[in-house]
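The values are calculated or read from the model by the stated rules, or taken from the named source; none is laboratory data. What you see is a predicted model, and the numbers here were worked out from it, not measured in a lab. When we count neighbours, we look across all protein chains shown, and the Cβ atoms used for this are built from the backbone with ideal geometry, even at glycine. Surface areas here come from the heavy atoms of the whole protein model, side chains and all, with no ligands, DNA or RNA. Shrake-Rupley method; radii C 1.70, N 1.55, O 1.52, S 1.80 Å.
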Amino acid sequence: MFERTLQDLIRGLRAHKASSKAQEDAFIAEAMGEIREELRGKDMALKAEGVLKMCYLMMLYPIPPPPGFAFHVVEVMSSPRYHLKQLGYLAAPMAFSGDTEEVVLTVNGIKKDLMSPHIPLPPLPLTALPHLLSLSPSLSTTLHPDLLHLLTHSSPRIRKRAVLCLLPCWEAFPEGLREGFPRLRERLQDDDQGVVGATVGVVMELARRQGGKNYLPLAPELFGILTGSSNNWMLIKVVKLFAILTPLETRLVRKLLPPITSLISNTSAISLLYECVRTCIVGGMLDPDRAEGEALARVCVEKLGGYLRDEGGDQNLRYIALLAMVKIIPTHPQMVAEYQEEVMQSLDDPDVSIRMRALELVTSMVDRDNLQNIVDQLLTHLAPPESNTSDLPSAVASLTAIANQLSLTASKDPATLSTSVSLSPAYRLLLTQRLLSIIAHDTYVNVMDFEWVISVLVDVAYVSHVDIGTEVRRLVLDVVGRVRTIRSFAVGVLEKVIGDEDLRERGRDGTGEDGLIEAAVWVCGEYASELSSPLSAISSLLSPILHLSSPSLITLSLQAVAKVFAFYIAKVSSRWTAEQHEETKNLVASMKQGLKPFLTHSDIEVQERAVEICQLTSFVEADLAAHHTPPETATRNGGVEDIPELQGGFETEGEMDLVDPPYPKSLFLFQPLFTSHELNAVANKAQEAVRVPDGLDLDVDIVPGGGFDADLEIDEDEGEGSGAEKGVLDLGEGGGKGMEELRRVLREQEKRGKKKGKGRKMLGEIGSVEEREEKERRRAARKAKHKDDPYYLYDKREDDAADVDEIPIVQLDDAELGTEDVISTLTKSKSKTKSKKKATPPEFDRTGELPEGAAAAELNKRPPAPSRTASGLAGVDLINSNPVPTRGSSTRFEEYKVDENDQVEGEKGDETPMDQNEEADVPVSASQEIEVVKVKRKKKGEKKKKEKVLEG
């Protein structure tokens, strides 16, 4: 009957798997041609077979469907035959996409099949609806009432599928949740456990996306399921729901404690146990402040610890136990610490997922007491296994071992698997990163010995064999910069690192050693005073294989050479002799020879550093060649060099300045270039703490007036011999009373300006006779005014005629006498307090340098997070009576508008009664009438569209 059935197509594809790619493509092209012919035919059975074969090819190969394939699927969906209709609904999710217009052709057919009285028919569209509803919001709006009607169907199978279809429907049509929430709540008490499980799953997804606020009213029904159901998967979903609801309603904690404690104690399902533990943690049931929190935490930890100690148990149980302990350790670290040995043993497990969880748990278990122990155990996983080189395996044994590893049926030793996992680069990288994060946690809060930290960082760089050089370099420089007391130890250790040629060769492979070498080079150069042998350090820095290193390492090495050389020549100047002169000349010559290969380096930074240092050493070399060291530096004082009282005691200061030092002055050319400022650790976000200076205005001249002061002060002694009064402006004479008053005001302003400039007015400074007479006149008028005022107090003594402005201002220089006593008292009290304190951890610069005036607390402030408006399904609020609108209208009924001609009919029209049961089920809003809004008529087309919407 058919040219090629689906079975024939599958056999043909399998037969062409062994053939060439061209033959397989030819067979597929031939099959596609047959499918197109079958889809164009009028035989519905043949067309359904073509749809089925096309779907099979689309699942196996990236083949686009032929044109019009969606329309042919619609035809098959509308077939009256059950098995053909089933094939149509099966192909619908693959045929329809977001831009497929044929979806609208399926609305009536889907509604007809959903409401069919035949029980086998409604499940067919319910199978394809989860995908179709997500494509078209209009389809969700249209089919939403039908899905709610199916929730009360007599068949549990149909009710369960209808519940599952509600979630994608409400995602596309969020307002439908208000109407469907009461119906959904009824399904939590359904007689069929499958329907209840589907409802719990939908509610959990809604609560996860919206938050649990809308679903707090469902707590009684959910609690009944928790205490009455024996289905572990349903209990897991209910416990997850309570984990969302408990933080919103604290009264649920007391209600949930008995059933959850019973589940933790009696259940054998580790997944359910994990969800119960997680709910206890999220809901605050394990809070130490609660009376029952400690006992519940003990039960949880003992239950989980039993799975860890069961060596022959299920690996899944160990994994879940470690995962749950990670959740418990923030609140009860002492209980989890009891199982430290079992957790450390899990690091040797062949299963890499268990190793990862154990590593995460170990990271959370670290404190000051067990830090060194845990880090040392983690280092053993990085160290290569010890092998006896004397007993080498034979060639036959090696080939047999390789064959066993490649064989799928060969039994693999757990120890061999564990070793192979430890040698995995991905695992070693993660282990190294966790180890370094343990040490640097919260700015080394758990570290008590920083010398141990330096040793561990060096060991990690040697044995990790992974690319963690950047992190090792950062930690080494950070520790040395913060802790001053370990710089001598660090320089001693890192001085040996820069002399290790094998480490340099391994560092070029990108396995992490290059970061340690860069840190060692910088530390040895910056703290050259701590070097045991500066000459050996210079030789190691200018290694013969330095040119093979990266440009960044070469740049650091050249800079470090200059720093060490600067310290060395400045140090030897104090004991300068002829032998030292020759030794320094040889050192400069060897340095120039070592710098020569980098003068023409391809990297511009390396070339610039090499040229600069070479030019400076050339200057020192020339000065050494021109300098002649005296044979004996002590002969100028008659051989009494060792007597400090006689050496140079009778020389004048000028004679001592004229005496040249016995060493070349160019020896101190390098040192000021590198020792001007001390490099300390910089606080995090220190750049953000730099404040803009107050009053900073870039538009104002930095030097007003071009640097010339416009207000030139007049010398106090100037004009004493003249007849004019000092400080009085020459404002002329005449002009009437107005001009005289103006002259008086200007003179007073001039005198006030001079008083401010001098800071005080001396007793001998007096104004003119006119000014004194004017002051006496104002004082007498003021006294006469307040003489009879009973509420005004004044001194009646006539001899008290001194003006307030005439009182001299005297600066008290002994005001700080009392402050010294206070400071000394505070110093004594502080010294007593310090003596009583206990020994503290090693002091180091935890915060780092900050700009002046910036506080560390200001850096921790975070800007408030921008508020986000919830939209879609997350914006539906079932609790508030006036919810925020998400899409469409804000009420259950759509608002519509009528014309002036239809206003009377609209006002007198009958109200549509609501279903009483539906009105009672809605818990959040009362029944609302249709709101009629009067508007002006605009267009006839708009009126027709509104009428069609109302009819629909």
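Listed values, structure above:
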quantity	calculated
Boolean, Pro123 is closer than 30 Å to Leu177 by Cα and either surrounded by 16 or more Cβ atoms within 10 Å (Cβ to Cβ) or in contact with a strand residue (DSSP E or B) (Cβ under 9 Å, 6 or more places away or on another chain) (or both)	yes
Count of the range 333-342 residues which are closer than 20 Å to Leu286 by Cβ and either open to solvent by 50 Å² or more (accessible area, probe 1.4 Å) or of a type in the set (A, V, I, L, M, F, W, C) (or both)	6
Members of the range 343-383 found to be farther than 17 Å from Asp310 by Cβ, open to solvent by 50 Å² or more (accessible area, probe 1.4 Å) and either in contact with a Pro (Cβ under 9 Å, 6 or more places away or on another chain) or part of a helix (DSSP H, G or I) (or both), listed by number	Val352, Met356, Glu360, Ser364, Asp367, Arg368, Gln372, Asn373, Asp376, Gln377, Thr380
Candidates Ile110, Ile35 - the one that is touching a residue at least 24 places away in the same chain (Cβ under 8 Å), in a helix (DSSP H, G or I) and more than 51 Å from the chain's Cα centre (by Cα)	Ile35
Residue match in the range 67-86 (condition: of a type in the set (Gly, Ala, Ser), part of a helix (DSSP H, G or I), modelled with pLDDT of 90 or more and open to solvent by 20 Å² or more (accessible area, probe 1.4 Å))	no
Any hit, the range 266-273, residues being touching a residue at least 24 places away in the same chain (Cβ under 8 Å), closer than 26 Å to Leu151 by Cα and open to solvent by less than 20 Å² (accessible area, probe 1.4 Å)	no
The range 501-542 - residue that is at pLDDT 90 or above and not in a helix (DSSP H, G or I) and, of those, nearest to Glu583 (Cα to Cα)	Ser533
Residue check for Ala91: out of contact with any Gly (no Cβ under 9 Å at 6 or more places or on another chain), at pLDDT 90 or above and under 29 Å from Leu121 (Cα atoms)	yes
Single residue of the range 481-500 satisfying the filter (assigned to a helix (DSSP H, G or I) and among the β-branched types (Val, Ile, Thr)) that is most open to solvent (accessible area, probe 1.4 Å)	Thr485
Any hit, the range 278-292, residues being closer than 21 Å to Gly194 by Cβ and crowded, with 18+ Cβ neighbours inside 10 Å	no
Close pairs (6 angstrom Cβ cut-off, 6 or more residues apart or separate chains): assigned by TED's automatic domain parsing to the domain that holds Thr555 and open to solvent by less than 40 Å² (accessible area, probe 1.4 Å) in the range 596-616, outside any helix (DSSP H, G or I) and at pLDDT 90 or above anywhere	Ala610/Leu599
Residue list for the range 172-205, restricted to those being over 19 Å from Leu135 (Cα atoms), under 37 Å from the mean Cα position of the chain (by Cα) and open to solvent by less than 10 Å² (accessible area, probe 1.4 Å)	Val200, Val202, Val203
Qualifying residue in the range 38-55 (condition: open to solvent by 70 Å² or more (accessible area, probe 1.4 Å), of a type in the set (Asp, Glu) and touching a residue at least 12 places away in the same chain (Cβ under 8 Å))	no
Boolean, Phe242 is within 22 Å of Leu273 (Cα to Cα) and in a helix (DSSP H, G or I)	yes
Tally, over the range 451-470, of residues that are acidic (Asp, Glu) and either under 19 Å from Val491 (Cα atoms) or not in a loop (DSSP other than H, G, I, E, B) (or both)	2
In the range 148-171, residue nearest to the chain's Cα centre (by Cα) [restricted to those that are hydroxyl-bearing (Ser, Thr, Tyr) and open to solvent by 30 Å² or more (accessible area, probe 1.4 Å)]	Thr152
Residue match in the range 232-239 (condition: at pLDDT 90 or above and among the polar types (S, T, N, Q))	yes
Residue satisfying all of: in the range 675-705; open to solvent by less than 100 Å² (accessible area, probe 1.4 Å) and in contact with a Gly (Cβ under 8 Å, 6 or more places away or on another chain); nearest to Ala562 (Cα to Cα) among these	Leu679
